[in-house]
Amino acid sequence: MSRTTLRPVLHAVSAVPLVLGLLSWDLLRGAFSGAAIVAIAFEILRLRHPGLRNWLAELVPVFRPREARRPSGAMWLALGYAVAVWLPPPAALVGILSGALADPAASLVGGRWGGGKPKSWIGTAAAATVTSGVAFLVGFGPVPAASAGLAAAALERWPAGLDDNLLVAPGTAAAVWLLA
């Protein structure tokens, strides 16, 4: 499986621990917080040890060239989930699912129909649509669901130096929580 296919698949399955929320929201908070700590430690090791970094890049070919010298999107995603999970459960659920599904949707749709541009508008529309759908399915009304979609779209396109994986889950969760 190529990096362009494997990376969105891994991104999407990163929300699987949400199943723990069915058992206990506190267990889920612990799992995502612990995962963030492990992700930070893992990135420190990966970046400090070129042999490990190269071996991982061959074993799991998902790293972008720029991630050879800086933290990967996976670490930022884990941190984003760890922040989002501390918001009230229905909003946190939307944020984490948005973090898991909106970015891969934007990547796949934008890659297919976005004219080869990174962060294409069609990809952004896909992120907004997926997030709005998730919020609606979770039980939020049309206005909070649409607002969640707009928040995810804006955060997915974030132009500043922060990774969008860090921003989408907590930002979307906060938006839907504030507007619900």
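Going by the conditions given, is Ala15 in contact with a helix residue (DSSP H, G or I) (Cβ under 7 Å, 6 or more places away or on another chain) and either more than 17 Å from Val130 (Cα to Cα) or of a type in the set (A, V, I, L, M, F, W, C) (or both)? Steps first, please.
On the way: in contact with a helix residue (DSSP H, G or I) (Cβ under 7 Å, 6 or more places away or on another chain): yes; either more than 17 Å from Val130 (Cα to Cα) or of a type in the set (A, V, I, L, M, F, W, C) (or both): yes.
Considered against the rule, which asks whether it is in contact with a helix residue (DSSP H, G or I) (Cβ under 7 Å, 6 or more places away or on another chain) and either more than 17 Å from Val130 (Cα to Cα) or of a type in the set (A, V, I, L, M, F, W, C) (or both), Ala15 comes out as yes.
I'd like to know if the range 88-105 contains one or more residues that are farther than 24 Å from Gly21 by Cβ and over 16 Å from the mean Cα position of the chain (by Cα). Steps first, please.
Quick first cut of the range 88-105, residues farther than 24 Å from Gly21 by Cβ only: none.
Within the range 88-105 (the criterion being farther than 24 Å from Gly21 by Cβ and over 16 Å from the mean Cα position of the chain (by Cα)), the answer is no, since none of the residues qualifies.
Please go through the range 61-75 and pick out each residue that is assigned to a helix (DSSP H, G or I), more than 13 Å from Ala100 (Cβ to Cβ) and touching a helix residue (DSSP H, G or I) at 6+ places or on another chain (Cβ under 9 Å).
Taking the range 61-75 as the starting set, the residues that turn out to be assigned to a helix (DSSP H, G or I) are 65-68, 73-75.
Add one more test, that the residue is more than 13 Å from Ala100 (Cβ to Cβ), and what stays is 65-68, 75.
Selection gives Glu67, Ala68, Met75.
Take the range 4-17 and flag every residue that is at pLDDT 75 or above, part of a helix (DSSP H, G or I) and either among the aromatic types (Phe, Trp, Tyr) or touching a Leu at 6+ places or on another chain (Cβ under 9 Å) (or both).
Within the range 4-17, the first condition is being at pLDDT 75 or above, and the residues that meet it are 6-10, 12-17.
From the residues that got through so far, the ones that are part of a helix (DSSP H, G or I) too are 6-10, 12-13, 16-17.
Within the range 4-17, Pro8, Ala12, Pro17 meet the criteria.
If a residue has to be farther than 26 Å from Ala84 by Cα, under 21 Å from the mean Cα position of the chain (by Cα) and small (Gly, Ala, Ser) to count, how many in the range 13-62 make the cut?
Number satisfying all stated conditions: 1.
Go through the range 108-167 and report how many residues are of a type in the set (Val, Ile, Thr), within 19 Å of Ala180 (Cβ to Cβ) and over 16 Å from the mean Cα position of the chain (by Cα). I'd like the intermediate steps shown before the answer.
If we filter the range 108-167 for residues that are of a type in the set (Val, Ile, Thr), which is where we start, we get 109, 122, 124, 129-131, 134, 138, 143.
If we keep only those that are within 19 Å of Ala180 (Cβ to Cβ) as well, we get 130-131, 134, 138, 143.
Right, trim to over 16 Å from the mean Cα position of the chain (by Cα) and you get 138, 143.
So the answer is 2.
So, in the range 46-60, of the ones that are hydrophobic (A, V, I, L, M, F, W, C) and either closer than 25 Å to Thr172 by Cα or not in a loop (DSSP other than H, G, I, E, B) (or both), which residue ends up modelled with the highest pLDDT? Quick ask: steps written out before the conclusion?
Within the range 46-60, the first condition is being hydrophobic (A, V, I, L, M, F, W, C), and the residues that meet it are 47, 52, 55-57, 59-60.
Of the ones still in play, those that are also either closer than 25 Å to Thr172 by Cα or not in a loop (DSSP other than H, G, I, E, B) (or both) are 47, 52, 55-57, 59.
On the way: Leu47: 94, Leu52: 90, Trp55: 91, Leu56: 87, Ala57: 85, Leu59: 84.
Among those that are hydrophobic (A, V, I, L, M, F, W, C) and either closer than 25 Å to Thr172 by Cα or not in a loop (DSSP other than H, G, I, E, B) (or both), it is Leu47.
Give me a count of the residues in the range 149-180 that are closer than 17 Å to Leu87 by Cβ, without any contact (Cβ under 8 Å) to a residue 24 or more places away in the chain and not in a helix (DSSP H, G or I).
0
Does the range 25-36 contain at least one residue that is part of a helix (DSSP H, G or I), of a type in the set (Gly, Ala, Ser) and over 30 Å from Phe140 (Cα atoms)? Explain how you work it out, then say what you get.
Restricting attention to the range 25-36, the residues satisfying the condition of being part of a helix (DSSP H, G or I) are 25-36.
Next, from what is left, pick out any that are of a type in the set (Gly, Ala, Ser): 30-31, 33-36.
Narrowing the set further to residues that are over 30 Å from Phe140 (Cα atoms) leaves none.
Scanning the range 25-36 turns up no residue that is part of a helix (DSSP H, G or I), of a type in the set (Gly, Ala, Ser) and over 30 Å from Phe140 (Cα atoms).
Out of all the residues in the range 90-98, is one or more under 20 Å from Leu79 (Cβ atoms), at pLDDT 90 or above, among the polar types (S, T, N, Q) and assigned to a helix (DSSP H, G or I)? Reasoning before the result, please.
Within the range 90-98, the subset under 20 Å from Leu79 (Cβ atoms) is 91-98.
Still in the running and at pLDDT 90 or above: 91-98.
Next cut, among the polar types (S, T, N, Q) only: 98.
From what's left, assigned to a helix (DSSP H, G or I): 98.
So far as the range 90-98 goes, yes, one or more of its residues are under 20 Å from Leu79 (Cβ atoms), at pLDDT 90 or above, among the polar types (S, T, N, Q) and assigned to a helix (DSSP H, G or I).
Residue check, Glu43 against (1) touching a helix residue (DSSP H, G or I) at 6+ places or on another chain (Cβ under 9 Å); (2) acidic (Asp, Glu); (3) under 26 Å from Trp177 (Cα atoms), all met but one. Which one?
Failed condition: (3).
Could you look through the range 106-126, keep only residues that are touching a residue at least 40 places away in the same chain (Cβ under 8 Å) and crowded, with 21+ Cβ neighbours inside 10 Å, and pick out the one that is nearest to Ala154 (Cα to Cα)?
In this case the residue turns out to be Ala106.
Just give me the residues in the range 76-89 being of a type in the set (A, V, I, L, M, F, W, C), over 12 Å from Ala35 (Cα atoms) and assigned to a helix (DSSP H, G or I), in sequence order.
Hit for the range 76-89 is Ala84, nothing else.
Can you confirm whether the range 38-58 contains a residue that is under 20 Å from Asp163 (Cβ atoms), among the small types (Gly, Ala, Ser) and crowded, with 18+ Cβ neighbours inside 10 Å? Before the answer, list the steps.
Let us first name the residues in the range 38-58 that are under 20 Å from Asp163 (Cβ atoms), namely 38-48, 53, 56-57.
Cutting the leftovers down to among the small types (Gly, Ala, Ser) gives us 39, 41, 57.
When the remaining residues are screened for being crowded, with 18+ Cβ neighbours inside 10 Å, the result is 39.
Yes, there is a match, as at least one residue in the range 38-58 is under 20 Å from Asp163 (Cβ atoms), among the small types (Gly, Ala, Ser) and crowded, with 18+ Cβ neighbours inside 10 Å.
The values are calculated or read from the model by the stated rules, or taken from the named source; none is laboratory data. If you're wondering where the values come from, they're calculated on a predicted model, not measured in any experiment. Reconstructed Cβ throughout: ideal geometry from the backbone, glycine too, with neighbour counts over all protein chains shown.
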